[in-house]
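What follows is calculated from the coordinates using simple rules that are stated; it is not laboratory data. On a predicted model such as this, the values are computed, not experimentally measured, just so you know. Cβ atoms come from the backbone with ideal geometry, glycine included; neighbour counts cover every protein chain shown.
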Amino acid sequence: MQAQLPFYPDQASNFAPSVDALMTFLILVSLFFAVAITAAIVFFFFKYRRKSENEVGYPIHGDMRLESLWIIVPAFLSLAMFGWGAVVYVDFRHAPQDTLDIYVIGKQWMWKIQQPNGRREINELHVPIGRDVKLVMASEDVIHDFYVPAFRVKMDVVPGHYNTMWFRPTKAGTYRFFCSQYCGTNHAVMGGWVTVMDPSDYAAWLSGSSGTDSPLVAGEKLFTERACVTCHIGNGSGRAPSLNGVYGGTVRLADGSTVTADDAYIRESILVPSAKIVAGYQPLMPAFQGQLTEDQILSLTAYIKSLQSQPIPATGAGVLTTGKK
Amino acid sequence: MSTSPTTPAVHQLPEEHYLNSTYGLRSWLLTTDHKRIALLYLASVTFFFFIGGIFATMIRIHLLTPNGYLVTPETYNKLFTMHGVAMIFFFLIPSIPAVLGNFLVPLMIGAKDLAFPKINLLSWYIYLVGGCFVLYSFATGGLDTGWTFYTPLSSVYSNSAVTPAVIGIFINGFSSILTGLNFVVTIHTMRAPGMTWFRLPLFVWAQYATSIIFILGTPVIAITLLLVGLERMFHLGFFNPALGGDPILFQHLFWFYSHPAVYIMILPAMGVISEIIPTFTRKPIFGYTFIAASSIAIAVIGFFVWAHHMFLTGESTYAALAFSLLSYLVAIPSAVKVFNWTSTLYRGSISYDTPLLYSLGFIGLFLIGGLTGLFLACLGLDIHIHDTYFVVAHFHYIMVGGAVMGYVGGLHFWWPKITGKLYPEFLARMAAVILFVGFNLTFFPQFILGYLGMPRRYHNYPPEFQVLNVMSTAGASILALGYLLPMLYLTWSMRYGKVAGPNPWPATGLEWRTPSPPPTENFDVTPVVDWEAYDFKNRPDLGLTQPSGPALSPAHGDD
C-alpha cells in the first residue's frame, strides 16, 4: 500500500503516507468496479447485437439474489472506506500534546506567520523535521484555506473562528503551499513556500531573527496596556476572575453550565464578554470587538495560556478544574 | 443503418398537431400547452448553455499557460463564477425537468396536460425574469463570488454585482418550486386508467423524485441568497463575523439545497437512461422496483449529506463522521442503478442507435463520477483533495458526463416525437463519440491535477501543472465540437429530416402511441393501459417478432 503512483506528489509529512495508502486502496476498488462494469457493457454490446430488424430481447425482469448481492457488497466496501478514512481524519483533527505552535493569519491576499519566538514571516513557513507542528489560524477578512499538498493537509481559515491543524514534517526540502478556499481577486497568488529543515538548522534560523517580541511577551504588554490587569488580578482579589490556570480548564458560568477554556472561548470572552459570564461575577467588562487585530488577540491568548501554570487562588478563580498537564 | 426497423413505409406528418394548430407570437407567448412551454424552455436553456459555454471556452484558453495572458485575475474570477451560475441555475437544473419533463410527463401518463397549465406558463416567465436579473448582473460589473457565494466574500468583500444576481436566483427558485408542484399533482391525479404507480415509466418516477427536491430544497437556497443580499445592502449581520454573524452558517444553508440540487440534475438524467436502455435492447428493464425505489432513496438521503462539503471548515469531528457515513449511504442506490442498467443489456436485442450510445456513455462517465465521489466522501482523503481540481473533475463527470449526456441523449430519443422528424443518424453517432472522447480528455487530467495539489479557481498556476492543463484545453475544443454538431443537425432536421412516424424505434411508452408531433390535446381518445412498463412481449401493436433462442419459462423467465 506504500506504492507511489507517478501522480502522487512528494511525501513530506506523517500524513502523506497514510493519505496515499488510502488513495491506493480506493483506486484499486474503483478500478475493479470500473473495469468489471465496462467489460460487461462492451461484451453484451457486441454479443447481443440485434440480429434481425424485428427481434425482441429476452424478457428478464430481475433477480432478487443479484439485487441483494449488489446492495450488500458495495455497502461493506463503503463501510471499509468510511472507517479507514475516519481513522486518518480523526488523527488529523486531534493534535498531540506538546506541539510547536505557529500562528498563521490569512488576509486578502497574503499569509502572515509568526514563530513561537516572535519571528515573523510573510508567505513563508519554516518548520523543523520530526517535530509535531500545530498551526493556529485566523482570518482578518474572508475565508481562506492553508493547503500544503506535500503534507496532504489543509484547513479552512475562517474569520471569527480559530481553526488549527497539525502535521509532523518528515523530509527536508521546500514545498509549495496554497490558499485553496476561493477568497477573491488574487486568490491564485496567495501562496508561498514551506521550508522543512533539520532541527539544528531550524534553531539557527530562528535565532537569526530580527527580534520582534514573541506572542507571549507582546501579549503580556497588551494585557497591561489595555488595562486587563486592573480587574483580572492573579490572586483573585479583582473585580474579574483570576486567569491563573484557566487555559484548558473548565469554567463555571453564571447560568450554571460549564465550558472548556480553549482558544475559541478566550477569543469570544475578549471580543464579546457578555456572551459567557463566569459564575459569581458581574458583566462589567467592555467588549473589544473591533478594538483588537487578529495578531493582538493571538498574543493575548498566548499570554493567558502561559498563566496556565500559575498558582490558582483559593477565591476569585475563574476556573473549576485546571487544564494544567 | 436504418433507424426505422419496423416498416419501410413512408410516414406522413399528421395534418394538425401542436406545432401548427395555431400561429403567431401570441399563440406561443400565451400558450398553456405543456409541449409548447417545453419548447420555450428548450430555447431559453439552450441560450444559457451557450452563454455558459462561452465562459468555459475562455477559461480553458486562459489556462493554456501558467501565467494566463488572456484575461485579468478579476475577469477570470468572473468567468468561472458566471459559468457556474449560468450552467447550474439556468441550464442544468431546468434542462431535463422543464424541457423533457414538461413535454413528456403528461404524454407518458396519458394526460391532456399538466394539472396547472397556466402555472406552468408562469414558471417559464418567472424563469425569464430571474434570468434577466442574472444577465443584468453579468452585464453590469459581473459576478466574482464563485457560484457558491461563500460569505463574507459575497456579502461584504466582493465589488461585483452580487445583489442583482442573488435576486435573480431567488426569483428563479419559484420557477423550480412551481414546476415541481405541478409535476407532483399531475402524477398523483392525472394518470390514465390502468396506469398504476408501478406501471409508470421510470422517467416519471425520476421526475417525481426530482420534484420532491424542488419543493423541499429550493425555498432554502432562495431565502439564503436573499439573506446574502440583505447583508450586502443593509449590513444586517447574518454571516459577517464583524456584525456578529457566522460565515459557516451560510455554508450549512447553501449546501442544504445545493447538494440535493446535484440530484436535481442527475436524477432526471437517470430517468432518461432508464427509458432508452429498454427501448434499444427491446426488453423490460432489469429490477424495475429497485430503480424506482433508488430514485426516491437518493432524493431522501440526498437531504442528509450536505455537510460533506464542509469537512475542513472546522466543523466538529462527530458531524464529519456522521456526514461521511451518510454520504456513503447515498452511493448505494446509485450503484444499484448502474448494476441494473448493465444487467438489462444481458440477452437484449441491442441496436447501435444514437440514444443508446449516449446511454452507455452516460453509464461510463457516471461510473467514474460516482466512484470518485467515494474518494471525496472519504474523510482522510478529503483533507488532501478538497477544493482541488479533483473536485472540479468529479462534479463535471456527474453534471456534464452524467446530466448533460442524459439530456442530449434524451433529446435525440424524443426528437422524433417533439418535431416529427428524424435526425441524421450517422452524424449523430459521430457526435456522441466525439462528445465522449472530448469529455474524457477534458476532465480526466483534472483528477490528476487535483491529486498533485492544484487548487480550483486559480487564474494562474505553477508551471509543473501545464502539460495536464494543455491536455484539458485540447479536450475542451473537441468537446465544443461535440456540442455544436447536434445543435446544427438537430436544427437542420426540423426542416429537412425524414418524417419519423408515431413510433420509429419502436418503444413501449404511451407517448409513442400518439402521432408525432402529438395533437394539442395529446391523445384523441384517453388511453387505457393494460400492460406493464417496457413490456415488448405482450404488445402485438409494435409489430415485433417474439424472442428467438431457448424457450421462455412461463413465469416471466426470472432467472
Sites A:L284 and A:N123 - FRET efficiency at Förster radius 41 Å, r taken between beta-carbons, to 0.05: 0.50
Inverse of mean 1/r across different Cα pairs in region A:100-207, Kirkwood, Å: 13.7
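Net charge within 15 Å of B:F170 by Cβ-Cβ distance, Lys/Arg positive one each and Asp/Glu negative one each, not counting B:F170 itself?
Neighbourhood net charge equals 0.
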Global size of region B:296-452 as Cα Rg and Dmax, reported in angstrom: 18.0, 57
Tell me, what ³J(HN,Hα) does each residue in region B:22-28 have, in order and in whole Hz, if you take phi through Karplus 6.51 cos²θ - 1.76 cosθ + 1.60 with θ = phi - 60° and put x for Gly and Pro? 9, 10, x, 4, 4, 5, 8
Spatial separation of Cα centroids for region A:43-70 and region B:202-275, in angstrom: 39
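Using a cut-off of 13 Å between beta-carbons, work out the net charge of the residues near B:W28 (Lys and Arg +1, Asp and Glu -1, B:W28 not included).
On the way: positive: B:R26, B:K35, B:R36; negative: B:D33.
Net local charge, B:W28 excluded: +2.
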Amide proton proximity set for A:D101, modelled H, under 5 Å, gap of 5+: A:K134
Of the options A:C231, A:M197, A:A16, report the single residue whose Cα projects farthest towards the positive end of the charge dipole of chain A (beta-carbon charges: Lys, Arg +1; Asp, Glu -1). A:A16
Using the Cα centre of region A:215-309 as origin and beta-carbon charges of +1 (Lys, Arg) and -1 (Asp, Glu), tell me which of A:S306, A:L292, A:A254 is placed farthest towards the positive end of the dipole. A:A254
Among B:29-35, A:273-279, how do they line up from the highest to the lowest mean number of other beta-carbon atoms within 10 Å? B:29-35, A:273-279
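List the relative contact order of region A:215-309 as a percent without decimals, with contacts defined as Cα pairs under 8 Å and 6+ residues apart. Write down the numbers at each step before the final one.
Values: 132 pairs, mean separation 35.9, N = 95.
Answer for region A:215-309 is 38 percent.
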Dividing the Cα convex hull volume of region B:209-303 by residue count, how many Å³ per residue is that? 86
Using only the Cα atoms, work out Rg/Rh for region B:273-331, with Rh taken as the Kirkwood radius, to two decimals. 1.23
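Considering only DSSP beta bridges whose two residues both sit in the protein assembly as shown, what percent are antiparallel, to the nearest 5? Could the numbers behind the result be given before it?
Working: 33 of 48 bridges.
That works out to approximately 70 percent antiparallel.
Mean residue ellipticity at 222 nm from the helices of chain B, using -39,500 (n - 2.57) per DSSP H segment of n ≥ 4 over the full residue count, to the nearest 500 deg cm²/dmol? Spell out each step's value before the answer.
Working: 16 runs with 332 residues, N = 559.
Per the formula, -20500 deg cm²/dmol.
Please give the average number of partner chain Cβ atoms lying within 10 Å of the Cβ of each residue in A:159-170, rounded to a whole number.
Working: counts 10, 10, 6, 1, 3, 1, 3, 0, 0, 0, 0, 0.
Average neighbour count from other chains, rounded to a whole number: 3.
Given 0.36 nm per residue, what is the gain on full extension from A:A75 to A:S237 after removing their alpha carbon distance, in nm?
Values: separation 162, 0.36 × 162 = 58.32 nm, distance 6.12 nm.
In short, 52.2 nm is gained.
What does the helix-only formula give at 222 nm for chain A: each DSSP H stretch with n ≥ 4 adding -39500 (n - 2.57), the total divided by the residues, and the result rounded to the nearest 500 deg cm²/dmol? Spell out each step's value before the answer.
Details: 6 runs with 105 residues, N = 325.
About -11000 deg cm²/dmol.
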Average other protein chain Cβ within 10 Å of Cβ, residues B:383-394: 5
With θ set to phi - 60° and the Karplus curve 6.51 cos²θ - 1.76 cosθ + 1.60, what are the ³J(HN,Hα) couplings of region B:333-349 in order, to the nearest whole Hz, using x for Gly and Pro? x, 5, 4, 4, 4, 4, 5, 5, 4, 4, 5, 4, 5, 4, 6, x, 10
Mind listing P(r) for chain A? All alpha-carbon pairs, 20 Å bins, whole percents. 25, 43, 21, 9, 2
Could you sort B:123-135, B:47-59 so that the peptide with the highest average Cβ count within 10 Å comes first and the rest follow in order? B:123-135, B:47-59
Run a plain Debye calculation on region A:37-93 (Cα atoms as equal point scatterers, no solvent) and give log10 I(q)/I(0) at q = 0.15 Å⁻¹, rounded to two decimals, same order as the q list. -0.72
Beyond 20 Å between alpha-carbons counts as too far, so tell me which of A:K112/A:K134; A:K134/A:K305; A:K51/B:K421; A:K134/A:K276 fall in that bin. A:K51/B:K421; A:K134/A:K276
Most fluctuating residue of A:G184, A:G290, A:G62 in a GNM of chain A with Cα springs under 10 Å: which is it? A:G62
Rounded Å value of the spacing that divides the Cα centres of region A:227-293 and region B:321-395: 51
Per-pair calculated FRET efficiency, R0 = 45 Å: A:T293 and B:Y69 via Cβ, rounded to 0.05: 0.75
Once amide H atoms are built 1.01 Å from N in the peptide plane, which residues 5 or more positions from A:F177, or in another chain, come under 5 Å H to H? A:G192, A:W193, A:V194
Tilt relative to chain A, helix A:64-93 - C-alpha long axis, 0 to 90 degrees, to 10: 30
Give me the inter-chain shielding for B:338-346: mean count of other chain Cβ atoms within 10 Å, whole number please. 6
Net charge over other residues, Cβ less than 11 angstrom from the Cβ of A:I122 (K, R count +1; D, E count -1): +1
Taking 7 Å along the Cα-to-C-beta vector as the label spot, tell me the A:R226-A:A36 distance in nanometres, rounded to one decimal. 6.0
How far is it, in nm, from the label point at B:W197 to the one at B:I54 when both lie 7 Å from their Cα along the line to the Cβ? 4.7
Where the eigenvalues come from the Cα gyration tensor of the protein assembly as shown, what are the semi-axes √(5λ) of the equivalent ellipsoid, largest first, in whole Å? 56, 28, 25
Ignoring solvent entirely, what values of log10 I(q)/I(0) come out of the Debye formula for chain B at 0.07, 0.10 Å⁻¹ when each Cα is a single scatterer? -0.40, -0.82
For a quick size check, give me the Cα extents of region A:215-309 along its three principal axes, largest first, whole Å. 34, 29, 23
At the level of C-alpha centres, the distance separating region B:82-97 and region B:454-488, in angstrom, is 20
So for region B:380-423, Kirkwood radius off the Cα pairs, Stokes-Einstein at 25 °C and 0.890 mPa s: how many µm² s⁻¹? 196
